[in-house]
Structures are given as C-alpha cells and as structure tokens.
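Have a look at the structure below before the remarks.
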Amino acid sequence: MSDLHDDGALAVFERQIDEWLSAMRSSNSAIVAVDHAEPDPMFRARWYVRMRGEAKDFTTVWITLGQRTLRYETYVMPAPEENVAEFLENLLRRNEKLIGAHFSIGAEDAVFLRGEIPLLALAESELDRIVGSMFAYVEQSFRPLLRLAFASRFAD
C-alpha cells in the first residue's frame, strides 16, 4: 500500500498546517512571522516560521509539504573559515543527540539543520515539537559553533 497522498488529502494537510501555524503564531511571542512561501512547482506548499532568538537574532524554519512527507529546515550559519575538521566533528557529535533533525552541509558549504516526517505522523503536537525543537537546537548550538568556525574573530 502506498502512502502517496492525492490532491484532496494534501489540501486537507495544507489547511491543517495553516491553522496550526496560525495558532502557534498567536500563542507564542517568539514567533514574529508565519507565512506561505512563493508558489513553486517543486512542492505542494511551503511555509516559513520566523522566530526571534537570543543566541541568533532570528531563526527561520522552512516547512515543505510533499506527497509523502513534511520536510523542515533552517539555515544555521555560513561555512566555517577555520577549525574545519574540529567544526565538522562537533556537528557530527551534536547530531548524535538530536531527535528528528540533523545538521547538514548545503549550498556553498553552509550549515543547515534539517528533518523530515511522514505525513501519516503529522499532528498539531508534532508540528509544535518540530518548530520548537528546531528553534532550541539552533539556539543551543549557534554560539559554540560560531566561536569554533570563526575563532580568530572572537580572539580578544
């Protein structure tokens, strides 16, 4: 049996995600924006959730609805300028402790935090966990990673 969802089922997921994100925005003061991304033929729907942080000024989590999965990602920082091997080892060790997400290297060797769940597992509480976890993982790791990747800029 396939878990490929048709247009009707995906429309229901899209409507639910809209409602859940709207409720999150109204009940969480750290969330400063929630909106749909520009239409794109590569995916059914895409949203962003922008949150104000302390370690990192803003974290934006992109949420993408596919035919089988919900993908989510956020940009963490640019490629490290120094201590590259130690930096990458640090990312891998952090991955060991993460639930539902992992650090990865993307375009121009920038660092991203990404994850994915099957649509069958999607619920309001799971979406809340995803957004909250992505925010927390970035907040916990940003400064230590920044100091390692750009150490000479912090040497005083």
Among the candidates Glu124, Glu139, single out the residue that is in contact with a helix residue (DSSP H, G or I) (Cβ under 6 Å, 6 or more places away or on another chain), charged (D, E, K, R) and at pLDDT 95 or above. Glu124
Among the candidates Phe154, Phe112, residue that is in contact with a strand residue (DSSP E or B) (Cβ under 6 Å, 6 or more places away or on another chain) and either within 25 Å of Ala33 (Cα to Cα) or without any contact (Cβ under 8 Å) to a residue 24 or more places away in the chain (or both): Phe112
If you take the residues in the stretch 52-65 that are without any contact (Cβ under 8 Å) to a residue 24 or more places away in the chain and over 9 Å from the mean Cα position of the chain (by Cα), which one is nearest to Leu122 (Cα to Cα)? Thr64
Selected residue (criterion: surrounded by the fewest Cβ atoms within 10 Å (Cβ to Cβ)) from residues of the stretch 32-51 that are in contact with a helix residue (DSSP H, G or I) (Cβ under 7 Å, 6 or more places away or on another chain) and either polar (S, T, N, Q) or touching a residue at least 24 places away in the same chain (Cβ under 8 Å) (or both): Arg44
The number of residues in the stretch 7-38 that are part of a strand (DSSP E or B) and small (Gly, Ala, Ser) is 1
Working carefully through the options Arg50, Arg68, Arg46, find the one that is farther than 28 Å from Arg147 by Cα and in contact with a Ser or Thr (Cβ under 7 Å, 6 or more places away or on another chain). Arg46
If you check Glu73, Glu19, which single one turns out to be surrounded by 18 or more Cβ atoms within 10 Å (Cβ to Cβ), out of contact with any Cys (no Cβ under 7 Å at 6 or more places or on another chain), at pLDDT 95 or above and at negative phi? Glu73
Taking the stretch 1-16 as the search range and keeping residues that are under 23 Å from the mean Cα position of the chain (by Cα), more than 14 Å from Thr69 (Cβ to Cβ) and of a type in the set (A, V, I, L, M), which one is surrounded by the fewest Cβ atoms within 10 Å (Cβ to Cβ)? Val12
Looking only at the stretch 115-136, how many residues end up being free of Cβ contacts under 8 Å to residues at least 40 places away in the same chain and closer than 22 Å to Ser29 by Cα? 7
Look at the stretch 98-156 and say how many of its residues are within 14 Å of the chain's Cα centre (by Cα), of a type in the set (S, T, N, Q) and either outside any helix (DSSP H, G or I) or loosely packed, with under 13 Cβ neighbours inside 10 Å (or both). 1
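The values are calculated or read from the model by the stated rules, or taken from the named source; none is laboratory data. What you are looking at is a predicted structure, and each value in this text was computed from that prediction instead of being measured. Neighbour counts are summed over all protein chains in view; Cβ atoms, including those assigned to glycine, are modelled from backbone coordinates with ideal geometry.
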